[in-house]
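The values are calculated or read from the model by the stated rules, or taken from the named source; none is laboratory data. Note that the structure is predicted; figures quoted are calculated from it, not measured. Don't worry about glycine lacking a Cβ; one is built from the backbone with ideal geometry, like all the others, and counts go over all protein chains shown.
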């Protein structure tokens, strides 16, 4: 008599329709502590053990490799223990008795996924991953074998997971679940009341009620991007052929390289184009810039581009200069100064909706946030280095290099932004002031609040 392997997993009633789905694509937006990760680990395990495919491969992808290990690795090994034939700890991989593999990955290393194939993928906390991860990296791994995918997460503003949620809710062929704590019945009412009492309204609405409209705490530019969308400044923009295009970059050696293409105009900054790539040589970016067909004014590189190398002994500055591109080095200022400059110019920025990559750039700017100190329970002054950082850094380079005073005459009026300094005094704020010697004028710009 054949031996039967019993997996000790009893699905919650809220997830039974998910396990019984027949759709290839699925999206679950679920409140904290509902058990979505446990459900997904067991779901991928069931599909891996019952598959009829030969050499089947499955992946669980979290925003960070360490996060995948901390969140899912123990679940994977414990729940699937009866059907696991081999565990590879160093690779976070298990092999099942039928030869299927399940491997954990981090979205912070997308190159580890390139060139692979998968029969099914779980994308956990997809809103914290780089938006291009799905189309550029993960989807191509599924096409050969008609693999499936599940997107899971909790809202963090209207980012990429919001768009997947919207698509899943109204598109045939998707399984969709939006599960708020007030309706799920998973967390006891007394616990919900305790959480509501100890969390801000925004935190509770976001984490427990799955609200995409809740304000994002700790973000630098979320309100500015929301204002741009509400005021119609995300719109179709045409190139002015009589005016050069300037370029602002953030060069990444291990991270991606982000590039903004823009024109300064009397009424503001027209951001025409955006590019972001990783793992490419400087020759790739030279070809990219030249392929655009723009007449360039200034191509701004980070101040440390003299030392940056793309696996060569020559700096990025030297290589782009030798390619006859009008390269210049951006000013070297503190990160906080660049953030204040970005906040200053954002109200007069127009974003080209015709550029298909602009949505990803706006997502990054919207998500860029301060580091949260769990011990002190407060947001620190320094930004969090995550998938949004490179785009935000490139935008900061742009803000620090625009020709101050030309495009922002309307911002110098009495109705323009004002700054509150310690002591409740207010000052008119101009971008030129960021370039002054702070020790000389005695103002601490790091403590400014817009």
List pairs: first in region 98-110 and on the phi > 0 side of the Ramachandran plot and in a loop (DSSP other than H, G, I, E, B), second at pLDDT 90 or above and buried (at least 21 other Cβ atoms within 10 Å of the Cβ), Cβ under 8 Å, 6+ apart or cross-chain? 99/56
Across region 19-41, what is the total count of residues that are on the phi < 0 side of the Ramachandran plot and surrounded by fewer than 22 Cβ atoms within 10 Å (Cβ to Cβ)? 11
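Quick one: would you say residue 153 is closer than 17 Å to residue 60 by Cα, assigned by TED's automatic domain parsing to the domain that holds residue 28 and buried (at least 19 other Cβ atoms within 10 Å of the Cβ)? Show your work before the answer.
On the way: closer than 17 Å to residue 60 by Cα: yes; assigned by TED's automatic domain parsing to the domain that holds residue 28: yes; buried (at least 19 other Cβ atoms within 10 Å of the Cβ): yes.
Yes; evaluated as a whole, the condition is true for this residue.
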Kindly indicate whether any position in region 312-335 is modelled with pLDDT under 90, closer than 30 Å to residue 126 by Cβ, under 24 Å from the mean Cα position of the chain (by Cα) and not assigned by TED's automatic domain parsing to the domain that holds residue 131. yes
Note on residue 136: of the conditions (1) in a helix (DSSP H, G or I); (2) without any contact (Cβ under 8 Å) to a residue 60 or more places away in the chain; (3) more than 24 Å from the chain's Cα centre (by Cα), unmet is (3)
Within the group 393, 386, 381, 363, which residue is in a helix (DSSP H, G or I) and either within 20 Å of residue 214 (Cβ to Cβ) or at pLDDT below 90 (or both)? 363
Restricting attention to region 1-18, and to residues there that are modelled with pLDDT of 95 or more and crowded, with 17+ Cβ neighbours inside 10 Å, which single residue is nearest to residue 122 (Cα to Cα)? 18
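Would you mind finding the one in 30, 41 that is in the same structural domain as residue 68 (by TED's automatic domain parsing), over 28 Å from residue 99 (Cβ atoms) and in contact with a strand residue (DSSP E or B) (Cβ under 9 Å, 6 or more places away or on another chain)?
On the way: 41 fails: over 28 Å from residue 99 (Cβ atoms).
Result of the check over 30, 41: 30.
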Output the number of residues of region 34-75 satisfying the condition of being outside any helix (DSSP H, G or I) and over 23 Å from the mean Cα position of the chain (by Cα). 10
Is it the case that some residue within region 158-165 is at pLDDT below 95 and more than 29 Å from residue 103 (Cα to Cα)? yes
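Which members of region 84-96 meet the condition of being outside any strand (DSSP E or B) and either surrounded by fewer than 13 Cβ atoms within 10 Å (Cβ to Cβ) or assigned by TED's automatic domain parsing to the domain that holds residue 279 (or both)?
Start the filter on region 84-96 by keeping residues that are outside any strand (DSSP E or B), which leaves 89-92.
Within region 84-96, 89, 90, 91 qualify.
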Residue 269 fails exactly one of the following numbered conditions: (1) under 30 Å from residue 114 (Cβ atoms); (2) in contact (Cβ under 8 Å) with a residue 60 or more places away in the chain. What is the number of that condition? (1)
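Quickly run through region 234-255 and pick out the residues that are in contact (Cβ under 8 Å) with a residue 60 or more places away in the chain, touching a strand residue (DSSP E or B) at 6+ places or on another chain (Cβ under 8 Å) and surrounded by fewer than 22 Cβ atoms within 10 Å (Cβ to Cβ). First the steps, then the outcome.
Let us first name the residues in region 234-255 that are in contact (Cβ under 8 Å) with a residue 60 or more places away in the chain, namely 234-237, 246, 248-252, 255.
Those still in the list that are touching a strand residue (DSSP E or B) at 6+ places or on another chain (Cβ under 8 Å) too: 234-237, 246, 248-252.
234, 235, 236, 237, 252, listed by residue number.
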For residue 194, state whether it is farther than 30 Å from residue 289 by Cβ and either surrounded by fewer than 16 Cβ atoms within 10 Å (Cβ to Cβ) or assigned by TED's automatic domain parsing to the domain that holds residue 264 (or both). yes
